[in-house]
Amino acid sequence: MDRNILVTGGTGFIGSHTVVELLEIGDNVIIVDNLSNSNPSVLEKIEMITGRKPIFYHCDVTDRKALTNVFASHEIHTVIHFAGLKAVAESVAEPLKYYHNNVVGSIILMQVMEQFHVHNLIFSSSATVYGGNNIMPLTEASPTGPVNPYGMTKLAVENICRDLCSSDQNWHIALLRYFNPVGAHVSGLIGEDPLGIPNNLFPIITQVAIGKRDKLFVYGNDYPTQDGTGVRDYIHVVDLALGHIKTLPFVEENPGVHIFNLGTGKGYSVMDVIKAFERVNDLTVPHVISSRRAGDVAECYSNPDKANRILRWNANLGLEDMCRDGWRFQKQITNHKA
Ligand code: NAD
Ligand code: UFG
């Protein structure tokens, strides 16, 4: 396509997979990342997969001067804004850090975009913006009401985008509410490799399976779900990346602010995931039932009809692909570190 796409957070989990898909369709990619939660070796992996190299700036989105320099050096067509902090518990402990990084960072980015007359933006929002008492499946019209500072930062940026679009018809913004991204690129070269103790189910499963952790704690089996364990809408990260590719022409053509759920529409329980992972990869994942985790809801899954219809995007990969690809990546990084 030969557009210049600026990807903030492009060396991170979802960002790196999106960069691969952008390069594969011929776009030029300029990454801005402060490497607070990613490794620059991802850049080589991206080149190994695509045969192409993104331009990389080791830069923080809150650094107005550095960001201005990036925009002055490239004629940017669209910004995809992944850069953000995402650990829920940390956001409860350090709210100022989260509001500064996620909200102030987004404001500075939009101010610099405005300065350079760049008005196409795709923002990484989250299913976490929905309130806890919603009827499933969630549509884009379901009430919002985040229950932690991380979710509040996402909703704050959504509201800022809405106000910005009301004030100035030049802006074209898509707010993508991701459900639970998991899995890895089929090459096994890029995936999710969290620093420290992972917060999320999938990286914990792969680390238990490889022997890095003894066992998995299943947080509650007394929820009002089919088997009592929590139900989520897991989406393969490559499907999610492709959702951004489908959003690009939509954003270009449509002024104003537009919200889309990116999920599969299917809910799987913790036990469904453990069993699928064991079956697909022919191994066992030692696990014990423990008490509920504070702040968890019983069920969270999407109605993705709007994205299916308007963006002509569908999630094609299933739970088995997520389990197989996530495990291939875990084995690859473990061999590499050994
Ligand atoms: P990630 O941590 O792997 O990637 C985020 C990247 O942004 C990292 O490379 C990090 O170094 C970078 N970054 C953070 N703050 C920055 C800053 N101030 N300046 C420059 N770079 C910065 O996370 P991810 O899972 O790829 O998530 C990407 C986005 O999607 C985030 O905004 C996250 O909140 C959102 N999201 C993620 C999930 C999920 O479960 N993974 C779900 C919903 C929404
Ligand atoms: N779970 C366990 N044991 C674990 C980890 C998780 O049983 O060790 C369970 C949870 O209780 C939940 C399910 O697995 O029922 C999924 O938990 P995750 O932590 O993987 O995902 P969440 O749905 O809690 O949250 C994630 C991100 C949020 C994001 C949300 C929706 O962490 O930032 O998905 O996109 F907002």
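The residue that is modelled with the lowest pLDDT, counting only those in the stretch 38-74 that are away from ligand 1 (no atom under 13 Å from the Cβ) and of a type in the set (K, R), is K53. Listed by first and then second residue, the pairs with beta-carbon distance under 9 Å, at least 6 apart or on different chains, first residue in the stretch 202-225 and in a loop (DSSP other than H, G, I, E, B), second among the basic types (K, R) and at pLDDT 95 or above, are G220/R292; D222/R292; Y223/R292. Please verify whether the stretch 9-18 includes one or more residues that are away from ligand 2 (no atom under 16 Å from the Cβ) and open to solvent by 10 Å² or more (accessible area, probe 1.4 Å). No, there is no match, as no residue in the stretch 9-18 is away from ligand 2 (no atom under 16 Å from the Cβ) and open to solvent by 10 Å² or more (accessible area, probe 1.4 Å). Each residue in the stretch 21-41 was checked for being part of a helix (DSSP H, G or I) and touching a strand residue (DSSP E or B) at 6+ places or on another chain (Cβ under 9 Å), and 2 pass. All told, I259 falls short of being at pLDDT 95 or above, crowded, with 22+ Cβ neighbours inside 10 Å and not polar (S, T, N, Q).
In the stretch 187-203, which residues are near ligand 2 (Cβ under 9 Å from one of its atoms) and open to solvent by less than 30 Å² (accessible area, probe 1.4 Å)? Result: P198, F202, P203.
Restricting the stretch 128-138 to residues that are in contact with a Ser or Thr (Cβ under 8 Å, 6 or more places away or on another chain) and assigned to a loop (DSSP other than H, G, I, E, B), which is farthest from ligand 1 (Cβ to nearest atom)? Step by step, filter the stretch 128-138, then rank; the result is I135. A residue that is in contact (Cβ under 8 Å) with a residue 24 or more places away in the chain, part of a loop (DSSP other than H, G, I, E, B) and open to solvent by 40 Å² or more (accessible area, probe 1.4 Å) occurs nowhere in the stretch 88-104. Among residues of the stretch 110-127 that are within 16 Å of ligand 1 (Cβ to nearest atom), those with a Cβ under 6 angstrom from a residue that is hydroxyl-bearing (S, T, Y), sequence gap 6+ or separate chain, pair up as V112/T68; I122/T247; S126/Y178. Taking (1) more than 19 Å from T11 (Cα to Cα); (2) surrounded by 19 or more Cβ atoms within 10 Å (Cβ to Cβ); (3) touching a Cys at 6+ places or on another chain (Cβ under 9 Å) in turn, L67 satisfies each apart from (1).
The values are calculated or read from the model by the stated rules, or taken from the named source; none is laboratory data. All of these numbers come straight from a predicted model, not from anything done at the bench. Neighbour counts run over all protein chains shown; Cβ positions are idealised from the backbone, glycine included. Keep in mind that these areas ignore ligands, DNA and RNA; they rest on the heavy atoms of the full protein, side chains included. Shrake-Rupley method; radii C 1.70, N 1.55, O 1.52, S 1.80 Å.
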